[in-house]
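Below is one structure, written out as structure tokens; comments come after it.
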Amino acid sequence: MNTRHLIETYHHAWTSGDFTTARECLADGLDFRGSIDAFSTADDFIVALKQFKQMLRSVTIVQSFYDAEGAALLYDCDTASPAGLLRTAEFFTVSEKKISAIRLVFDASALRQAMQH
């Protein structure tokens, strides 16, 4: 599976609630760093991703870039929370045909505020 197909498969899987397929795209030792959380295993990351999906209404990709070792997606997450629309940049590293690292960047101030209530 080439990098673009891997990233598109993963993105479609998690946004549609197919966490089995999403997990299959991830290396066991996934290195995830985001605006709120950090995880060092794919299983821990999937637990958090399932929780986030519960507040998600839709995802609209704005731009995407792919090369052999990774990808970058820019997308809007429409959330049911007070956070509303979250413009999100997600950067992927691919190793041995699996996603080995994800860097997720968005303005987390509205989510942090909602989590405090």
*Just checking, which of R57, R87 is more than 24 Å from M1 (Cβ to Cβ) and in contact with a Phe, Trp or Tyr (Cβ under 7 Å, 6 or more places away or on another chain)?*
R87
*Check the range 45-52 and report whether any residue there is touching a residue at least 60 places away in the same chain (Cβ under 8 Å), under 14 Å from the mean Cα position of the chain (by Cα) and surrounded by 14 or more Cβ atoms within 10 Å (Cβ to Cβ).*
no
*Residue check, I36 out of contact with any His (no Cβ under 7 Å at 6 or more places or on another chain), β-branched (V, I, T) and closer than 21 Å to T9 by Cα*: no
*Any chance you could count how many residues in the range 3-22 are within 13 Å of Y66 (Cα to Cα) and either of a type in the set (G, A, S) or touching a residue at least 24 places away in the same chain (Cβ under 8 Å) (or both)?*
4
*Listed residues A68, A72, A27; which is touching a residue at least 24 places away in the same chain (Cβ under 8 Å), aliphatic (A, V, I, L, M) and surrounded by 15 or more Cβ atoms within 10 Å (Cβ to Cβ)?*
A27
*Please go through the range 71-117 and pick out each residue that is modelled with pLDDT under 95 and in contact with a helix residue (DSSP H, G or I) (Cβ under 9 Å, 6 or more places away or on another chain).*
C77, T79, A80, S81, P82, A83, G84, L86
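The values are calculated or read from the model by the stated rules, or taken from the named source; none is laboratory data. It should be emphasised that the depicted structure is a prediction, and the values quoted were computed from it without experimental measurement. Cβ coordinates were reconstructed from backbone atoms using ideal geometry, including for glycine residues, and neighbour counts include every protein chain displayed.
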